[in-house]
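One structure is given here, and the rest of the page talks about it.
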Amino acid sequence: MTAIDPGRLEALHAAELAAFTARTPRSSALLERGRRSMPKGVPMSWMWGLYRHPPIFVERGAGASFTDVDGNSYLDFNVVDLAMTMGFGALPIAEAVNEAMERGAHFLLPVQETLRVSELLAERTAMPFWQFTLSASGANTEVIRIARALTGREKILVFGGHYHGHVDETLVEQAGGVARAALLGLPRGIERHLLIVPFNDLASVESALSAADVALVLTEPALSNCTLVQPEPGFLAGLSAACRRSGTLLCLDEAHTFQFAFGGLKRHWSLSCDFIVLGKGLGTGVAFGLYGMTAAIARFVEANTYLDLGGTGIAAGGTTYASTVAVLAARAALEKVLTPGNYERVRLLGQRLASGLDQLFRDLALPWTALHLGPRSGFCLEARPPRNGAEASQSMRIDFISARKLWMANRGVWDAMPSAGPQVSFAHTADDVDRYVRTARPFLEAIVR
Ligand code: PMP
């Protein structure tokens, strides 16, 4: 059991929610007005569901901070769940987007800079062929379709604690050993297509793949949507070998983890796979995703490309994909921000954040541990980091996370959304990181026994 005092946590939550409401009257009024034209008063109802407090309306952002319509400013450690790791108003991205708008935002034909983006990605990830989409969800959708078409198999395997976007096939959860649709609006029987096994458990993987009916294993190299779960030594190499043996394709979803190390974790940990998914506009805030594939898969895609008005082919692509805006933003991000030097800087800041939290836990005699991988940290309310999604869920106490979120927000720090953990962005400084830890300290002092 954790050292959290439930009574103190509940009282603190109520007081912080009252303070938050008092500080955000203009946002409340806009939300109320918004409900007359948008469900929940927001342009995407998920914006309302992301936190356990009402959403606020934002006026503008600069660097690592943003300001709401009530004039409150927040140092941002959610960074749009990694879709905004370049910081608000990053000059290279602003210049790229301006240039793209001036030249023509989109032609449904390639601009020549597309080659630079795919060549840079190929060089950094050792994955030779690339395609653009509009999001990581879209990239995962196309990868699943290609894998099914190529293998002639239906099933997909993921690990407990997974999240791969709003992709029908993967929105399945296991409850009491039974797989079921995790959300509403999915076709009946969708759970038949998905196998879910524990991360870091090769025996379960091998047994699930033994029937040779799984088209694709889809996983993040480290699970980053259930706080943070890291692979044990040899697990990912074993996974890759098991896939090869059973004729199953392997996709590493690096929508988040591409931000964790230069070239992503595939490069950092020398992993092999058949596909990589990237997304979140690589952190620029521009909407695009990408997926990379091996030469063998690229040949299959070439042989099965859909011809408009001309027969069947892989269901892929969209009219807003690979726009000039997306391509120039991607090039600017890769050339000017996602550099080895900048990754090293955020790695050190991530270490500083995790050490700061660990020190805090020690000072308060809490048997907890700070999660840590590159620029990502997090709160593990156990002495050892989790090995899989089920263990990670022990630390995903929504009462603790919600109270912390409000406490931090009322003191000018925008904490990560519940499934994630505080993330250092390319715009953060050491002072910003120290401020996060300094702000968290009195919160923990107030709620632990
Ligand atoms: N894959 C992973 C690993 C993700 O974390 C996410 C978003 N959290 C997605 C895919 C989906 O990204 P998007 O919502 O931008 O499509």
Point to revise | Options Pro221, Pro231: the member that is buried (at least 20 other Cβ atoms within 10 Å of the Cβ) and more than 14 Å from the ligand (Cβ to nearest atom) | key: Pro231
Revision key, fill the gap. Quick count over the range 107-147, residues being farther than 16 Å from Gly317 by Cα, away from the ligand (no atom under 16 Å from the Cβ) and part of a helix (DSSP H, G or I), is 11
Point to revise | Residue, nearest to the ligand (Cβ to nearest atom), within the range 150-167, restricted to residues that are more than 16 Å from Glu220 (Cα to Cα) and buried (at least 17 other Cβ atoms within 10 Å of the Cβ) | key: Lys155
Exercise for review: Could you grab the pairs with beta carbons closer than 9 Å, sequence gap of 6+ or different chains, first residue in the range 233-260 and basic (Lys, Arg), second one in a helix (DSSP H, G or I) and open to solvent by less than 20 Å² (accessible area, probe 1.4 Å)?
Suggested key: Arg245/Leu209
Exercise for review: Among residues belonging to the range 72-82 that are open to solvent by less than 30 Å² (accessible area, probe 1.4 Å) and under 17 Å from Ser377 (Cα atoms), point out the one that is nearest to the ligand (Cβ to nearest atom).
Suggested key: Asp81
Review point. Which one is nearest to the ligand (Cβ to nearest atom), of the residues in the range 263-308 that are in contact with a Lys or Arg (Cβ under 7 Å, 6 or more places away or on another chain) and closer than 20 Å to Leu115 by Cα?
Key: Ile276
Check your understanding: Considering only the range 346-355, how many residues are touching a residue at least 40 places away in the same chain (Cβ under 8 Å) and open to solvent by 20 Å² or more (accessible area, probe 1.4 Å)?
Key -> 2
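A quick yes/no check of all residues on (1) at pLDDT below 95; (2) over 18 Å from the mean Cα position of the chain (by Cα):
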| site | (1), (2) |
| --- | --- |
| Arg124 | no, yes |
| Phe129 | no, yes |
| Thr133 | no, no |
| Ser137 | no, no |
| Thr151 | no, yes |
| Gly161 | no, no |
| Asp168 | yes, no |
| Gln174 | yes, yes |
Practice item. Look at Phe66 and say whether it is among the aromatic types (Phe, Trp, Tyr), over 19 Å from the mean Cα position of the chain (by Cα), open to solvent by 50 Å² or more (accessible area, probe 1.4 Å) and within 28 Å of His166 (Cβ to Cβ). Key: no
Check your understanding: Do any residues in the range 277-306 that are hydroxyl-bearing (Ser, Thr, Tyr) have Cβ atoms under 6 Å from those of residues that are away from the ligand (no atom under 16 Å from the Cβ), where the two are at least six apart or on different chains, and which pairs are they?
Key -> Thr284/Ile93; Thr294/Asp274; Thr305/Gly313; Tyr306/Gly313
Revision key, fill the gap. Sole miss for His13 among (1) touching a strand residue (DSSP E or B) at 6+ places or on another chain (Cβ under 9 Å); (2) farther than 24 Å from Val424 by Cα; (3) open to solvent by less than 60 Å² (accessible area, probe 1.4 Å) is condition (1)
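The values are calculated or read from the model by the stated rules, or taken from the named source; none is laboratory data. Not measured: the values here are computed from a predicted model. For neighbour counting, all protein chains shown are included, and Cβ atoms are generated from backbone atoms with ideal geometry for every residue, glycine included. The accessibility values were calculated without ligands, DNA or RNA, using every heavy atom of the protein model including side chains. Shrake-Rupley method; radii C 1.70, N 1.55, O 1.52, S 1.80 Å.
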